[in-house]
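The values are calculated or read from the model by the stated rules, or taken from the named source; none is laboratory data. Since we're looking at a predicted model, the values are computed, not measured. With ideal geometry, Cβ positions are generated from the backbone for all residues, glycine too; neighbour counts draw on all protein chains shown.
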Amino acid sequence: MRILSLLFASLFLSSAWAQTGYQPTAENLTARKTFQDDKFGLFIHWGVYSLLSSGEWVMNDRQIPVHDYEKLPAFFNPTAFDAKAWVSMAKNAGMKYITITSKHHDGFAMYDSKVSDYDIVDRTPYKKDVLKALADECRAQGIKLFFYHSHLDWHSPDYYPRGRTGQNLGRPDSGDFNKYLTYMDTQLTELLTNYGPIGGIWFDGWWDQQAGDKADPRKTKLDWHLDRTYSLIHKLQPATLIGNNHHVAPFPGEDFQMFEKDLPGQNKTGFSAESEVSQLPLETCETMNGAWGFNINDRKYKSTKDLIQYLVKAAGHNANFLLNVGPMPDGRIQPEFVKTLGEMGQWMQQNGETIYGTRGGPVAAHDWGVSTAKGNKVYVHILNWPDKQLSIPALSGKIKSARLFADKRPVKISQSAEGIVLTMPAAPADDAIDTIVELDM
Ligand code: H79
C-alpha cells in the first residue's frame, strides 16, 4: 500500500512537473473542457499512400525511394471526394470533431502549401485543397477540425540526421535540421492561418529521434525545439489544443494527452509503457479494422458492439475516443465503415446523454464495465455481466434512486459501508451492448 501511494505521488509530481513553465490561456482552458465534453471524434488518414492501399507506412515498409514515391501524386485524383458527405457521416455517428492528416510521415501536404510544391494542389491532377473544403464544411456543420501533422519526414532532405525510420529512401547523407524545423513551423503557420479556427494539432513521429535512454525516455538525439513550435501555435491560435503522440509524459505546452490503441494506463500495444497518465484531457485512438491508411486487404473489421464498448470504456477512463477511417483513393469512405459508423450514431442518439459532457468515474473500471458522471448523476455502464445482481464499491454520498437508463424501470439498491448491490428488474439480454444504470446522487 505504501509503495502504491508513493507511486501515485511520484506520478502526480512528475506530471505536474512536466507542465511547469506553461500557463495555458483562458480560451485554451475553455477549449480543453469542451474537448472533454465532446468525447467522440473521427480520425482520417488520407494521402497519396492511399493509392497503394497498403497503409500509410508503405513508403518505409516497401523501401520506396523518394524519387519513385514522387510518381504517386500524379495518380491521385479523388473525384468522388465530398466534404459534405464526410462531415455528415461524422456528425450522424455522434462525433463532434475531425482530426485529419495534413501531412503524414511521407511528407506530402494534403493542402496548398506555399513553402513546398510537394502538395495536393501543385502535384496532383485533382489540384484542389481538400483541407480547405473540409474546413469550410466543418464550420458549416458545427464540427471542430484538428490536423494530424507528422514531426518526422521521409521526403525532406533537410530531415537530417534521419531517425529510426525512413533510412534507406535514397536521400543524400546531409541536410540542415534547423532548416527542416523552420519549414515545419512555416507549414503549421499556414495551417493555423488559412483554415479558420483549428481545434488542435495532433503531432506524431517525435519518437523517430528518441535517444532510447531507459533512464530518461523523454530524451531525443536532436532537439525538436518543441517550445518554439508550441508557442508559435498558441500565439497564432490560443484555443488550439496541442497533443503529441510521443508515448512519454507530456511536455510543457501540450494541452491533451493521447494513447494510441490503448486506454489510458494500459499498454497492450507496447507503445504506452512510458506514457504516464497526466492530468491533461485524454484521448485514445483506434482503427475500424487494423489499418490507419486505406488497406484493401484488411478485413478485420471490428464490430459495432466492440467499437461502442470501446467508446464507453474510453469515457469511463475519462478519455475521448478518436475512431479512424482511411478513405479510398477516389475520396469515398468504404461502405463497411460507413455502415458501422451509422450504427454507432444510432446508439449515441439514444445513449449519448450518458457519455457527452461526462467525466470518468467515480467507480474505477472493472471487468464488468465502467462508470461516468455528470452533475448529480452517475451512470454505471455494465458491458460484461451475466447476472441480475452486481456489486460495486461504496460511493461517497448516498444514492437517492436508481433506474435503468433505457426504460427507467427501477433498479433495487442496497447500500452499506462495504459496497452497493444493484438488483436489476431482469437479467440482461445476451447481446446487450451496454446496460446503463442511472443513479441519482
Ligand atoms: O498515424 C498512425 C500511424 O502511422 C502512426 N500513428 C498512428 C496514429 C504510427 N507510427 N508508428 N506507429 C504508429 C507505430 C510506432 C512504432 C514505434 Fe517505433 C515503436 C515507434 C517507436 C517505437 C517503429 C519502431 C518505429 C520506431 C521504432
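Could you list, in sequence order, the residues of region 218-239 that are outside any helix (DSSP H, G or I) and either within 15 Å of the chain's Cα centre (by Cα) or of a type in the set (F, W, Y) (or both)?
Listed by number, the list holds a single entry, W224.
Could you figure out which of (1) in contact (Cβ under 8 Å) with a residue 24 or more places away in the chain; (2) of a type in the set (S, T, Y); (3) within 12 Å of the ligand (Cβ to nearest atom) isn't true of Y301?
Evaluating Y301 over (1) in contact (Cβ under 8 Å) with a residue 24 or more places away in the chain; (2) of a type in the set (S, T, Y); (3) within 12 Å of the ligand (Cβ to nearest atom) leaves (3) as the failure.
Restricting the first residue to region 131-147 and requiring it to be polar (S, T, N, Q), which pairs with a second residue that is buried (at least 22 other Cβ atoms within 10 Å of the Cβ) meet a Cβ separation below 6 Å and a spacing of at least six or different chains?
Listed pairs, sorted by first residue: Q141/V87.
Please find, among K374, K302, K313, the residue that is surrounded by fewer than 19 Cβ atoms within 10 Å (Cβ to Cβ), assigned by the TED database to the domain that holds Y126 and either on the phi < 0 side of the Ramachandran plot or more than 20 Å from the chain's Cα centre (by Cα) (or both).
K302
Within region 274-284, is even one residue out of contact with any strand residue (DSSP E or B) (no Cβ under 8 Å at 6 or more places or on another chain), within 12 Å of the ligand (Cβ to nearest atom), under 27 Å from R32 (Cβ atoms) and not small (G, A, S)?
Yes, some residue in region 274-284 is out of contact with any strand residue (DSSP E or B) (no Cβ under 8 Å at 6 or more places or on another chain), within 12 Å of the ligand (Cβ to nearest atom), under 27 Å from R32 (Cβ atoms) and not small (G, A, S).
Which residues, taken from region 240-255, are in contact (Cβ under 8 Å) with a residue 40 or more places away in the chain and either touching a Pro at 6+ places or on another chain (Cβ under 7 Å) or of a type in the set (K, R) (or both)?
D255
Could you list, in sequence order, all residues of region 33-52 that are assigned to a helix (DSSP H, G or I), aromatic (F, W, Y) and within 14 Å of the ligand (Cβ to nearest atom)?
Correct list: Y49 only.
Can we say G212 is more than 27 Å from the chain's Cα centre (by Cα), part of a loop (DSSP other than H, G, I, E, B) and surrounded by fewer than 18 Cβ atoms within 10 Å (Cβ to Cβ)?
No: the conditions fail for G212.
Search region 147-161 for residues being within 15 Å of Y118 (Cβ to Cβ) and assigned to a strand (DSSP E or B), and hand back the single one that is farthest from the ligand (Cβ to nearest atom).
H149
Quick check, is F294 in contact (Cβ under 8 Å) with a residue 60 or more places away in the chain, over 21 Å from R359 (Cβ atoms) and within 16 Å of the ligand (Cβ to nearest atom)?
It is true that F294 is in contact (Cβ under 8 Å) with a residue 60 or more places away in the chain, over 21 Å from R359 (Cβ atoms) and within 16 Å of the ligand (Cβ to nearest atom).
For region 162-180, what are the residues that are more than 14 Å from the ligand (Cβ to nearest atom) and assigned to a loop (DSSP other than H, G, I, E, B)?
Listed by number, the residues that qualify are N168, L169, G170, R171, P172, D173, S174, G175, D176.
Take residues that are in contact with a helix residue (DSSP H, G or I) (Cβ under 6 Å, 6 or more places away or on another chain) and tell me which of the strands (runs of 3 or more DSSP E) falling wholly in region 320-435 contain 1 or more.
Of the strands (runs of 3 or more DSSP E) lying wholly inside region 320-435, those with at least 1 residues that are in contact with a helix residue (DSSP H, G or I) (Cβ under 6 Å, 6 or more places away or on another chain) span 369-374, 377-382.
Going through F251, F203 one at a time, which residue ends up being more than 15 Å from the ligand (Cβ to nearest atom), within 21 Å of the chain's Cα centre (by Cα), closer than 27 Å to A314 by Cα and aromatic (F, W, Y)? Quick ask: steps written out before the conclusion?
On the way: F203 fails: more than 15 Å from the ligand (Cβ to nearest atom).
None of the other options fit; the residue is F251.
Condition check ((1) in a helix (DSSP H, G or I); (2) within 21 Å of M59 (Cβ to Cβ); (3) not assigned by the TED database to the domain that holds A83) across all residues:
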| residue | (1), (2), (3) |
| --- | --- |
| S102 | no, yes, no |
| D106 | no, yes, no |
| D117 | no, yes, no |
| D122 | yes, yes, no |
| P125 | no, yes, no |
| K132 | yes, no, no |
| D136 | yes, no, no |
| R139 | yes, no, no |
| L145 | no, no, no |
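With respect to L29, is the statement that it is of a type in the set (A, V, I, L, M) and either crowded, with 21+ Cβ neighbours inside 10 Å or modelled with pLDDT under 95 (or both) true? Give the steps one after another, and end with the answer.
Details: of a type in the set (A, V, I, L, M): yes; either crowded, with 21+ Cβ neighbours inside 10 Å or modelled with pLDDT under 95 (or both): no.
Answer is no for this residue.
Looking at H234, H317 in this structure, which one is more than 12 Å from the ligand (Cβ to nearest atom), more than 30 Å from P125 (Cβ to Cβ) and in contact with a Leu (Cβ under 8 Å, 6 or more places away or on another chain)?
That would be H317, the only listed residue that is more than 12 Å from the ligand (Cβ to nearest atom), more than 30 Å from P125 (Cβ to Cβ) and in contact with a Leu (Cβ under 8 Å, 6 or more places away or on another chain).
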